[in-house]
Amino acid sequence: MSDTVIKITNLVKEYKMYARKKDRLLEAILPNYKKHSTFRAMDNLNLEMKKGEVLGILGKNGAGKSTLLKMITGVVIPTSGNIEIEGKISSLLELGAAFNPDLTGIENIYQHGQVMGLTEEQIKVKEKEIIEFADIGDHLYQPVKTYSSGMFARLAFACAINVEPDILIVDEVLSVGDIAFQLKCFKKFEQFKNSGKTIIFVTHNIADVLKNCNRAIIIENGKKTFDGDVKTGVEKYKKIIVGISEDEEKIEEIENDEKNNLEIVNNSEKIDNEKEWKINFIQNPNITEYGNKKAEVIDYGMFDIKGNSINAFDNGEEVILKSKIRFNEDVKDPIFTMTLKDFSGNDIAGTNTDIEKVMTGNYKKGDITVVTFKQKIPVSCGKYTLSFSCTKYNLKGELEVLNRKYDALLIEAITTKNTVGLIRIDSEITINKLGEN
């Protein structure tokens with residue numbers, strides 16, 4: 001297989017589906033009794049991986065990702081097709097699956113190692129490293145059934161990650177335990193990457209895929225629909241999440257306002273015919289709203305530069321933030337705002353038409369306006385909330401809140417490069433060697 005370590009050909013996995021429990025029994029004992037339908041969880045999938053590749057598998061829940069991993073690791077037997085593996089596999093699928101709850105932690109270290117095909121001497125060499133990585137103290141010598149879920153996960157992860165595999169399979173388990181332990185997990189993962197191990201990585205966090213993988217595939221309904229570079233794969237996956245097809249027309253034409261990159265549209269007939277945006281996003285069920293309702297923020301969303309709805313944004317690319325405001329009374333010179341906050345409630349960034357020196361004009365009862373903020377948001381990777389509001393200054397010069405929708409949308413910042421601190425800085429670096437001493 002040369003440098004090919006995984007080769008999957010025409011892989012199919014089917015499950016029999018029964019409407020009644022007794023039909024399963026009757027089929028087993030009566031040769032001509034057929035009462036099942038067939039669900040195809042994996043549909044003729046082909047995949048080849050080279051040594052040193054880090055593959056990110058993307059797909060919605062139920063797409064077939066876990067089924068594929070279980071077949072690669074031998075937990076599930078394919079209905080048809082062929083899987084060829086070169087090298088030893090360690091999988092982080094169901095942590096602690098090989099553990100005996102009645103045995104102590106140290107005894108389970110040896111049992112797990114034997115399941116992985118290691119000799120007692122090889123396990124002995126790894127014992128100290130596993131114990132130090134798990135860091136559960138004297139609990140190591142107590143039965144595993146007495147462990148908290150955190151301690152169980154730490155020991156299981158330590159056992160799985162320290163067997164020096166040729167191929168590592170990771171399925172949504174890097175973020176186990178407390179923050180300090182998570183840091184150790186990611187550092188160990190980096191060591192595997194840097195040593196040229198082949199890794200299959202499954203996660204719903206697309207920021208992790210962008211950061212860690214050099215190739216991505218997308219699985220939909222058991223079929224591989226994309227295989228290529230990570231950034232393109234992530235963009236396609238984001239469209240799948242919100243139900244946007246490749247051939248679907250843009251939501252609307254995004255015009256570029258050369259001044260302040262902010263646009264206000266007042267066209268009630270056009271706006272009333274648009275689809276509601278916010279249903280395509282992760283809305284906060286605990287949204288905070290207040291104001292006198294002289295105007296109301298009735299819709300909002302985040303879009304890429306082509307007008308596609310997105311729940312996650314690349315912190316190096318421009319995004320479009322839009323809010324739709326309906327006026328319930330006549331209002332003169334309203335102020336339209338957007339604010340980005342972290343999950344601790346801290347204001348991270350924001351702007352408004354007053355700050356940007358944009359004249360908003362006068363509005364009559366019944367008018368509807370769309371406000372578009374276009375900019376890069378160079379914050380570090382993480383989860384944030386978006387807030388939108390409409391305010392104004394009254395005759396006394398006091399700020400009057402017409403309507404605020406605080407923490408309306410839950411969004412995520414991703415990146416194609418590492419950042420230090422809270423803000424992404426794209427620097428042009430010049431190095432001039434002046435000579436040797």
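The values are calculated or read from the model by the stated rules, or taken from the named source; none is laboratory data. Just so you know, these numbers come straight off a predicted model, no measurement behind them. For neighbour counting, all protein chains shown are included, and Cβ atoms are generated from backbone atoms with ideal geometry for every residue, glycine included. All accessible areas refer to the heavy atoms of the entire protein, side chains included, with ligands and DNA or RNA removed. Shrake-Rupley method; radii C 1.70, N 1.55, O 1.52, S 1.80 Å.
Observations
- With respect to the conditions (1) loosely packed, with under 14 Cβ neighbours inside 10 Å; (2) at pLDDT 85 or above, ASN286 falls short on a single one, namely (2).
- Scanning region 63-77 for residues that are within 16 Å of PHE39 (Cα to Cα) and open to solvent by 40 Å² or more (accessible area, probe 1.4 Å) returns SER66, ILE77.
- Residue pairs meeting the criteria (Cβ under 6 Å; at least 6 apart or on separate chains; first farther than 23 Å from ASP138 by Cα, in region 99-125; second part of a loop (DSSP other than H, G, I, E, B) and small (Gly, Ala, Ser)): VAL115/ALA98
- Spans of strands (runs of 3 or more DSSP E) in region 1-97 with at least 1 residues of a type in the set (Gly, Ala, Ser), touching a Pro at 6+ places or on another chain (Cβ under 7 Å) and closer than 24 Å to PHE189 by Cβ: 89-92
- Test: LYS128 is over 27 Å from VAL209 (Cβ atoms) and either surrounded by 15 or more Cβ atoms within 10 Å (Cβ to Cβ) or touching an Asp or Glu at 6+ places or on another chain (Cβ under 9 Å) (or both): no
- Cβ-Cβ under 7 Å pairs, at least 6 apart or on other chains, region 35-61 side under 24 Å from LYS16 (Cβ atoms), far side among the hydroxyl-bearing types (Ser, Thr, Tyr): LYS35/TYR18; HIS36/TYR18; PHE39/TYR15; ALA41/TYR15; ALA41/THR67; MET42/THR67
- The combined condition, being at pLDDT 90 or above, charged (D, E, K, R), more than 14 Å from ALA160 (Cβ to Cβ) and surrounded by fewer than 17 Cβ atoms within 10 Å (Cβ to Cβ), is not fulfilled by GLU121.
- Taking the numbered list (1) under 30 Å from the mean Cα position of the chain (by Cα); (2) within 30 Å of GLU14 (Cα to Cα); (3) open to solvent by 70 Å² or more (accessible area, probe 1.4 Å) in turn, PHE99 passes all entries but (3).
- Here region 8-34 is the region considered, the condition is being of a type in the set (Lys, Arg) and open to solvent by 80 Å² or more (accessible area, probe 1.4 Å), and the residue that is farthest from VAL54 (Cα to Cα) is LYS22.
- Subset tally (residues that are buried (at least 18 other Cβ atoms within 10 Å of the Cβ) and in a loop (DSSP other than H, G, I, E, B)) for region 137-159: 1
- Only listed residue being under 30 Å from PHE39 (Cα atoms) and hydrophobic (A, V, I, L, M, F, W, C), chosen from ILE136, ILE106, ILE83: ILE83
- Of everything in region 195-220 that is assigned to a strand (DSSP E or B) and touching a Lys or Arg at 6+ places or on another chain (Cβ under 8 Å), the residue that is farthest from GLU14 (Cα to Cα) is THR198.
- Complete set of residues in region 187-199 that are free of Cβ contacts under 8 Å to residues at least 40 places away in the same chain and exposed (fewer than 15 other Cβ atoms within 10 Å of the Cβ): LYS187, GLU190, GLN191, ASN194, SER195
- Within region 315-330, considering residues that are in a strand (DSSP E or B) and open to solvent by 10 Å² or more (accessible area, probe 1.4 Å), the one nearest to ILE423 (Cα to Cα): GLU318
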